[in-house]
Amino acid sequence: MLNKKGNEMTEFESKCYGISEATIRKEYVDSFTGRATSMVAMGVLSDAQELMTFGNDQAIDQARKNINIAKFIISEMMDAKEVA
């Protein structure tokens with residue numbers, strides 16, 4: 001599951017995001033909202049804030065992954081603007 005075949009995650013993606021970079025691009029960056037505005041990254045960060053209120057290790061780990069996803073989204077958007 002942690003190699004780079006098809007849509008499977010690398011070990012880094014699993015530990016950092018909990019999903020593959022391809023999935024982040026498909027479900028966040030390439031979505032209508034993602035193309036229209038950076039609101040999608042703020043939504044992911046809001047989800048992370050909510051998860052942190054639960055206070056258990058699993059929720060905190062998912063919050064950390066959400067923050068990494070938001071950073072990846074922002075990076076992709078910045079790269080797209082540099083290319084355009």
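Within region 53-69, being modelled with pLDDT of 95 or more and of a type outside the set (Val, Ile, Thr) holds for PHE54, ASN56, ASP57, GLN58, ALA59, ASP61, GLN62, ALA63, ARG64, LYS65, ASN66, ASN68. Of the listed requirements (1) more than 17 Å from THR23 (Cβ to Cβ); (2) modelled with pLDDT under 95; (3) buried (at least 17 other Cβ atoms within 10 Å of the Cβ), THR37 misses just one: (3). Scan region 11-21 and tell me whether some residue there is under 20 Å from ALA63 (Cβ atoms), polar (S, T, N, Q) and at pLDDT below 95. Yes, because at least one residue in region 11-21 is under 20 Å from ALA63 (Cβ atoms), polar (S, T, N, Q) and at pLDDT below 95.
Pairs are defined by a Cβ separation below 7 Å, a sequence spacing of at least 6 or placement on different chains, a first member in region 54-66 that is touching a residue at least 24 places away in the same chain (Cβ under 8 Å), and a second member that is surrounded by 13 or more Cβ atoms within 10 Å (Cβ to Cβ) and in a helix (DSSP H, G or I); the pairs so defined are GLN62/LEU51; LYS65/CYS16.
The values are calculated or read from the model by the stated rules, or taken from the named source; none is laboratory data. As the structure is a prediction and not an experimental result, all values here were calculated from the model. Methodologically, a virtual Cβ is constructed for each residue, glycine included, from the backbone with ideal geometry; neighbour enumeration extends over all protein chains shown.
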